[in-house]
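The values are calculated or read from the model by the stated rules, or taken from the named source; none is laboratory data. All figures in this text were calculated on a predicted structure; none of them were measured in a lab. Heads up, the Cβs are rebuilt from the backbone with ideal geometry, glycines too, and the neighbour counts pull from every protein chain shown.
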Amino acid sequence: MDASSREALRAVRERLTELTRPASGLLERARDRLTGQERAATDEELVALAEELFAVAHLLDGQVSLRRALSDPSGSPADRAGVARRLLSGRVSGATLDLVETAARQRWSRPLDLVEATETLATDAALDAAETRGELDGVEDELFRFGRIVGGDAELSRILSDRTAPVTGKAALLDGLLAGRVSPITAMLLRNHLTGRTIGHAENVVERLSEAASTRRGQSVARVTTAVPLTDAQERRLAELLGRLYHRPIGLQVVVDPGVLGGLVIRVGDEVIDGSIAHRLEAAGRRLVG
């Protein structure tokens, strides 16, 4: 997204925050009753909001003319919001309609940014629901583990990353893999993000979801690859050291890979700290060849 779309996304996320908190005080509650404003503050309401926003995102993803109409810079914000209202009124909750109208009033650099923004709102609502239920830690862990499964299975990764694969087939595959094994919120996030027409590499999609959950918990993620499992004490010590290094809380996602031979490979965002024996052997070999 460029600057104008980022600003538009910021505006609709602010509106989401307003609509997903309980009305504060008598005056605000009275205003909601007078205007008929609906909120989504309980975990059940947040889950329903997320599901509806994902449905809207999929609709926009598949309907080029519709997403163009809702993001057409030649039309007025009120006209674009009117299109959203005529399309969705009576079919979705008041909170969902409010958010889609708010999005339609913004200026988007390209129509696909509106699709991405709607998915982002849905993801935020789903993570809000997980947080309200006290399940955010578990959702983050499940997303990370599923990402490792996708990363370790080339055929599964190929199918889930294929933009031309039938959506119904992908959804059925994911339902079979996830049913009874992850929380409903994790399943909703994975199913919706991995069945979009604009999906990139599936492992990267899941990794971004995991990082979004971690960020919601107020910490960054360090992805640690080690030749042997770390003890609980070693993980705590490493998290403390990284926290001091980066000046913020750091959560660990640890992967065991005998290929590193020994030591650790640590990735925080785009920065990689490679202290593995394999890396040192490779470096020594390059020096010998040189």
Any chance you could count how many residues in the range 95-109 are surrounded by fewer than 19 Cβ atoms within 10 Å (Cβ to Cβ) and under 13 Å from Val56 (Cβ atoms)? 0
Does the range 141-158 contain at least one residue that is surrounded by 15 or more Cβ atoms within 10 Å (Cβ to Cβ) and part of a loop (DSSP other than H, G, I, E, B)? no
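Taking the residues in the range 1-15 that are in a helix (DSSP H, G or I) and touching a helix residue (DSSP H, G or I) at 6+ places or on another chain (Cβ under 8 Å) as candidates, determine which candidate is surrounded by the most Cβ atoms within 10 Å (Cβ to Cβ). So that I can check it myself, show each step before the final result.
Going residue by residue through the range 1-15, those that are in a helix (DSSP H, G or I) are 3-15.
Then keep just the ones that are touching a helix residue (DSSP H, G or I) at 6+ places or on another chain (Cβ under 8 Å); that gives 5, 8-9, 11-13, 15.
On the way: Ser5: 20, Ala8: 22, Leu9: 21, Ala11: 16, Val12: 24, Arg13: 16, Arg15: 18.
Top of the filtered list is Val12.
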With respect to Leu16, is the statement that it is under 19 Å from Thr120 (Cα atoms), modelled with pLDDT under 95 and not aromatic (Phe, Trp, Tyr) true? yes
If we take the range 161-236, then helices (runs of 4 or more DSSP H) inside it with 1 or more residues that are more than 14 Å from the chain's Cα centre (by Cα) and in the same structural domain as Glu142 (by TED's automatic domain parsing) are 167-178, 184-193
Taking the range 258-277 and the residues there that are in a strand (DSSP E or B) and among the hydrophobic types (A, V, I, L, M, F, W, C), the one that is surrounded by the fewest Cβ atoms within 10 Å (Cβ to Cβ) would be Val272
Condition first: more than 20 Å from Leu59 (Cβ to Cβ) and in a loop (DSSP other than H, G, I, E, B). Can you find one or more residues in the range 86-94 that meet it? no
